[in-house]
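Right, one structure below, let's go through it.
The values are calculated or read from the model by the stated rules, or taken from the named source; none is laboratory data. These numbers come from a predicted model, not from an experiment. FYI the Cβ positions are ideal-geometry reconstructions off the backbone, even for glycines, and counts take in every protein chain you see.
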Amino acid sequence: MLENFAMQVVADGNVILTFSLYSLLSLLLLLLLLLPRLYRMRAERLRRQHSSQQLSEGYHKIERRLHLLHTVCDMVPDLLFVKDTNGVYLLCNEAFTKFVGKPRDEIVGSTDKAIFNLDDATIEKFIADDRKTIEANETNVIEEELTYPDGSKYIVETIKLPFFDKQNNA
């Protein structure tokens, strides 16, 4: 197609391209045929970049909100935690981490059995209290004795509240 094409390098290093009219028309036709495809490829790449950027912005927004939630929870001096219906900790505050004697990363994602060194009867009582709160769909106030990791014992009032999502799942 470009058999009538010539390239010449002159003494000053510049390149001179010479095309026949047929070669030039062939090249223009080829470009016209390829331009829509090149445009679609570029547009798709831009869409992916934009989508990736939006995803990154969304992730950072969620990260900031989670940080704010942890900060607010940590300001509460009482033990504060959230568990799912399987008894898995989803959230806890700094006061709770001190009570348990473990970092938040070890608590979140664990159950009472994994966190506390308690007998099975006590663990079952915690689970039963949680179930009672969810099934009754009302606040459950429990007075119980807690032992801190340092051995000190306290009688505390535990207030359990059920939380439901938009689909009314606990």
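Brief remarks on what is shown
- Boolean, Tyr59 is touching a strand residue (DSSP E or B) at 6+ places or on another chain (Cβ under 9 Å) and among the hydroxyl-bearing types (Ser, Thr, Tyr): no
- Between Leu27, Leu21, Leu17, Leu32, the distinction of being modelled with pLDDT under 80, over 30 Å from Asn169 (Cβ atoms) and surrounded by 10 or more Cβ atoms within 10 Å (Cβ to Cβ) belongs to Leu27 only.
- Among residues of the range 139-170, those that are over 31 Å from the mean Cα position of the chain (by Cα), loosely packed, with under 10 Cβ neighbours inside 10 Å and in a loop (DSSP other than H, G, I, E, B), counted: 3
- Residue in the range 116-136 that is of a type outside the set (Phe, Trp, Tyr), assigned to a helix (DSSP H, G or I) and at pLDDT 90 or above present: no
- Contact map, the range 75-87: residues that are loosely packed, with under 13 Cβ neighbours inside 10 Å paired with residues that are in a loop (DSSP other than H, G, I, E, B), Cβ distance under 6 Å, separation 6+ or inter-chain. Pairs shown: Val76/Asn93; Thr85/Ala170.
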